[in-house]
Amino acid sequence: MAKLDLNRLMLISAILRLILVFYGEWQDAHMEVPYTDVDYLVFSDASAMVASGRSPFERSTYRYSPLLAFLLLPNSWVHRSWGKLLFSSADLLVGLFIDKILKLRGVPENFRVWAVISWLFNPFTFTIGTRGNCEPIVCAVILWIIISLLNGKVLQAAFLYGLIVHFRIYPIIYALPFVLVLSKQQLNSNGKPVLTPWSLKPKPIQVPTKKMGPISHLMGLFTKQTLLFGVISGFTFVFLTSIFFYLYGWEFLNEALLYHLTRTDPRHNFSIYFYHIYLNHQKGFSIGEKVVSFLPQLMVQLALILRFAWDLPFCLFVQTVAFVAFNKVMTAQYFVWFFCLLPLILPWTTLKLRWQGLICIFAWMGSQLHWLMWAYLLEFRGKNVFLPLWMTSLLFLASNTIVLVMIIRHHKYSAVFASLAETDVSKRRKVQ
C-alpha cells in the first residue's frame, strides 16, 4: 500500500470537491431536491445587489457581514459557482492548517495524516463548502489564529480574531480562553513562545500551588500580550463594524450583529428550545425566560474554560460542542464549528475506534438520524409530530452530552505553552 502523504491527500480532496461542485450544478438543474444550500442563494442575491450598487440587506434573510457579499462579487462577474470554489478552497486550507498546528506541537507525521483525513474526508465537512456554505472560511481563520498564537504572532492573531468575530459573531466565546492562555505565555530569548512537545505520556497540567486571591488572579490577566490582543482585536472589530455602519446604517447593525444576539427561530431545529419557541413565538418572551435559557449555556462555558483553558485546542473544542448543544438554535451547519477542532485533539485521546469510538459515533449519528426521521414526517408529510420531534431533540442533547463526557474522560491534558523553568529543567536532564 502506498504511503499516505499530505500532498496526495490534498490532491484527492481537491478533485473530490471539484466533482461535487460540478455534480451540484447538474443536480440543481435536473432534480427536484437541489444540492445547493438555500443560504448560498441568499449570499449570491446579496452579492448581486452589492455589484449593482445596492445594499446586501435588501435581500431578505441576509444576516451576515457585508464582507461575505463582497467576497462573492465574482458570482456575478465570473460564474455563480465562484463562492462554492472559494468555500471549498477554505475547506482544503483547514486541512493544511490542521497539519501545521499538529506539526508545531511535535506530533509525528503518521498521527498528523490521520488527523487531516478525519477532516478532509468527513462527509459533513466536504459537502458543506461544495453546497455553498461559508463556514469553512470561519474554520480556516480560527485555525489560523491558533497557528499565530503558537508562533507568538499576537498582533496577527488579534487582527484575525477581530476580523472573524465581525464576520461571524459566535467566535466571541473564545475571547476568555485566548486571554487566559496568553496571560501565562512565556517567551524565550528569540521572542518565541515555548511549546509543550507532544508525548505518548504527557505530563499533567500543573496547577499553581501558591494561593492567590481573586484580585491577584484578575490582575494577572493584564499582561503586555493580553492587552495587545484585546486592543488590536477590539479595534479591528470596531473599525470594520464602523465602516459598514457608515455604508448601510442601522439595517446592517440589526441584521448582521444584533439579530444573532436575540435570535429565536420558530422553525424546527435540533435545539431543545425550538418547541417552546414555536408555541410562544407570537407573544414573545419575558426577560426571565431569556435568562433561564441562557444560564445553562453560560455556566457550562465558564466551567469548561476555567478547567481546560491551558490546553487551548481542547478547550475550544469542548466549548464549541457545548455551545452548539445548548444553543437556542441548532442546525447541521453548526457541527462544522467543532469538526474543524476535532482533529487537533485526536493525538491526545485514549479513545480507541473499536469500540468506544464507534459507540460515540453511532450514539451521535443515531440520535441525529432519529431526529431527521421525525423532521421529515413534519416537513414533507405534514404530520403533527412536534412533541415526538421535541423529545428526539432531548435525546440528541443527551447523546451530545454523553459523547462530550466520554471525550473529556479519555483526553490526555497537555498545556499548549510550557514554562521557561520546565524547559530549562528538561535541557539540563538531556545534558546529564
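Give me the angle, in degrees from 0 to 90, between the Cα long axis of helix 287-308 and the longest principal axis of the Cα atoms of the chain, rounded to the nearest 10.
Between the helix axis and the principal axis of the chain, the angle is about 30 degrees.
So if R0 is 56 Å, what FRET efficiency would Gln156 and Arg381 give, r being the distance between their Cβ atoms, rounded to the nearest 0.05?
Efficiency for this residue pair is about 0.65.
With a ≥ b ≥ c taken as the square roots of the eigenvalues of the C-alpha gyration tensor of segment 282-424, please select rounded if a/c is under 1.5 and otherwise prolate if a/b is larger than b/c or oblate if it is not? Could you put the intermediate results ahead of the total?
Values: a/c = 3.08, a/b = 1.60, b/c = 1.93.
Oblate, since a/c reaches 1.5 and b/c is not below a/b.
Beta carbons within 10 angstrom, averaged per residue: use that to sort the peptides 16-28, 64-76, highest first.
Descending mean neighbour count gives 64-76, 16-28.
Relative to the longest principal axis of the C-alpha atoms of the chain, give the angle of the C-alpha long axis of helix 6-30, reported between 0 and 90° and rounded to the nearest 10°.
The two axes meet at around 10 degrees.
Would you mind computing, in nm to one decimal, how far apart the modelled labels at His281 and Asn7 are, each placed 7 Å from Cα along Cα→Cβ?
Using points 7 Å along Cα→Cβ, the separation is 5.3 nm.
Tell me the mean residue ellipticity at 222 nm calculated for the chain from its helices only (DSSP H runs of n ≥ 4, each -39500 (n - 2.57), averaged over every residue, nearest 500).
Numbers: 20 runs with 277 residues, N = 432.
The helix-only estimate for the chain comes to -20500 deg cm²/dmol at 222 nm.
Could you calculate the contour length gain from Met391 to Ser183, that is, 0.36 nm times the residue separation minus the distance between their Cα atoms, to one decimal place in nm?
70.6 nm
Take peptides 123-136, 384-397 and line them up by average Cβ neighbours within 10 Å, highest first, as a rough protection proxy.
123-136, 384-397
Heavy-atom accessible area per residue, the chain, 1.4 Å probe: how many Å²? Write out the running numbers ahead of the final one.
Details: 22260 Å² over 432 residues.
Ligands and nucleic acids excluded, the figure is 52 Å² per residue.
Roughly speaking, to the nearest percent, how much of the chain's 1.4 Å accessible area is carbon and sulfur?
68 percent
Cα axis of helix 224-252 to longest principal axis of the chain: angle in degrees, 0 to 90, nearest 10?
For 224-252 against the chain, the angle is about 10 degrees.
Please calculate the 1.4 Å probe accessible area of His410, with all protein chains present, and give it to the nearest 10 Å².
For His410, the solvent-accessible surface is approximately 40 Å².
State whether segment 98-203 is rounded, prolate or oblate according to the following rule on the C-alpha gyration tensor (a ≥ b ≥ c being the square roots of its eigenvalues): a/c under 1.5 gives rounded; otherwise a/b larger than b/c gives prolate, and the remaining case gives oblate.
Verdict is oblate for segment 98-203.
Just to verify a number: FRET efficiency for Ala29 and Leu298, C-beta to C-beta distance, R0 = 45 Å, to 0.05?
E between Ala29 and Leu298, to the nearest 0.05, is 0.45.
Given R₀ = 41 Å, what would the calculated FRET efficiency be for Phe22 paired with Leu358, taking r from the Cβ atoms and rounding to 0.05?
So the FRET efficiency works out to roughly 0.75.
List the cysteines of the chain that have no other Cys Cβ closer than 4.7 Å: which are they?
Cys134, Cys315, Cys360
Of Lys84/Lys192; Lys328/Lys352; Lys100/Lys224; Lys201/Lys328; Lys100/Lys184, which sit over 30 Å apart, Cα to Cα? Each step should come with its number before you reach the end.
Values: Lys84/Lys192 37 Å; Lys328/Lys352 33 Å; Lys100/Lys224 26 Å; Lys201/Lys328 39 Å; Lys100/Lys184 23 Å.
Result: Lys84/Lys192; Lys328/Lys352; Lys201/Lys328 exceed 30 Å.
Using a 1.4 Å probe and ignoring any ligands, DNA or RNA, find the accessible area of Leu261 and quote it in Å² to the nearest 10.
That residue has around 120 Å² of solvent-accessible surface.
The values are calculated or read from the model by the stated rules, or taken from the named source; none is laboratory data. What you are looking at is a predicted structure, and each value in this text was computed from that prediction instead of being measured. Positions of Cβ are backbone-derived with ideal geometry, glycine not excepted, and every protein chain shown enters the neighbour counts. Side chains included, ligands, DNA and RNA excluded: accessible areas come from the protein's heavy atoms. Shrake-Rupley method; radii C 1.70, N 1.55, O 1.52, S 1.80 Å.
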